[in-house]
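Just below is one structure, and these are the notes that go with it.
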Amino acid sequence: GQNSIDEQMVTICKKFNLSKPVIVADAGLLSINNIKQLQENQYQFILGARIKNETTTVKNKIFATRLKDNEFAVIDKSENVKLIVAYSDKRAKKDEHNRKKGLERLEKQIKSGKLTKSNINNRGYNKYLKMEGEITIAIDKEKFEKDKIWDGLKGYITNCSLKPEEIIANYKNLWHIEKAFRMSKTDLRIRPIYHRLRKRIEAHICLSFVAYTIYKELERVLKIEKYPLSVEKAAELTHNMYQMEITLPESLHCTKVVLK
């Protein structure tokens, strides 16, 4: 629906008794319609920008900044929305490494003859491919070299009143969520789900989420107690526990539980 983002946020805020939050999301939420919804419902937002898709005017402004390590620039996009562009040497090295790995992958595929005309598109590193004649596929080295100008640059679209440094720092906190998803799909082994009935699928996910909650609580307690154990190692130790004593926090009632 038109107000789907607002409806979701209202539900979350009501459930957890939150005031109106600042929406922080990666470029997946970056669409004209989504930004319009956020603005209409008066949300402040920080979104990852697709700077390579910006207009020529904005691109020229980005290149004109000539940013050095850990520097940033603010470019106005409209009355309330601005583009913050930051540069780091560390990101530049990572971007260059990824481009070269992508190029090597394409070269191997060309030699093996696995690439076809359908691979000539603008997705990922396939943009470095070009047609020569009617049947030959080759690497567009010129396009590869030109792409170097983007190495190290990261953009953020925002209408937030925070300082640029704070906006960048808040966006970087997304890694906590990404880490949670990576962990939930590996350590908890939520997938694959071999269930057909809805209630069994929901029960499976519910149990996985409870396990994830316990995992994160263990991680939190270990950090607070400054205990020299990783969560994985602590979880391994529980395999050798056969009985544990639990004290309820309110009643202080103590009970012993046998672990099987």
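The values are calculated or read from the model by the stated rules, or taken from the named source; none is laboratory data. Small disclaimer: the values here were computed from a predicted structure and weren't measured. Every residue, glycine as well, gets a Cβ built from its backbone with ideal geometry; the counts of neighbours run over all protein chains shown. When the accessible area is computed, the model is the full protein with side chains, heavy atoms only, and any ligands, DNA or RNA have been set aside. Shrake-Rupley method; radii C 1.70, N 1.55, O 1.52, S 1.80 Å.
One quarter of the surface of the convex hull around the alpha-carbon atoms of the range 1-145 equals 12.7 nm², the direction-averaged projected area. Restricting the range 204-258 to trypsin sites (Lys or Arg not before Pro) that sit in a DSSP loop and have at most 12 other Cβ atoms within 10 Å of their own Cβ leaves LYS226.
Label sites at ARG91 and LEU218, each approximated as a point 7 angstrom past Cα along Cα to Cβ, lie 3.5 nm apart.
Output the pairs from LYS154/LYS226; LYS199/LYS233; LYS36/LYS143; LYS108/LYS172; LYS100/LYS163; LYS59/LYS90 with a Cα-Cα distance over 30 Å in this structure; if there are none, say none.
Over 30 Å Cα-Cα: LYS154/LYS226; LYS199/LYS233; LYS36/LYS143; LYS108/LYS172; LYS100/LYS163.
Note on the chain: Cα-Cα pairs beyond 28 Å make up 59% of the total pair count. Expressed in Å, the radius of gyration and Dmax of the Cα atoms of the range 43-93 are 11.6, 35.
Divide by every residue of the chain the summed helix terms, -39500 (n - 2.57) for each DSSP H run of at least 4, and state the resulting mean residue ellipticity at 222 nm, rounded to the nearest 500 deg cm²/dmol.
Working: 9 runs with 117 residues, N = 260.
About -14500 deg cm²/dmol.
Remark: the SER251-LYS59 segment gains 62.8 nm on full extension, using 0.36 nm per residue and subtracting the alpha carbon distance.
Count the net charge of all other residues whose Cβ sits under 11 Å from the Cβ of ASN41, scoring Lys and Arg as +1 and Asp and Glu as -1. Once all neighbours under 11 Å are counted, the net charge is -1.
If you run the Gaussian network model on the chain, springs between alpha carbon atoms under 10 Å, then out of SER208, SER161, SER88 the most flexible one is SER208. The listed residues GLU236, GLU142, once ranked by accessible area (1.4 Å probe) with the largest placed first, stand as GLU142, GLU236.
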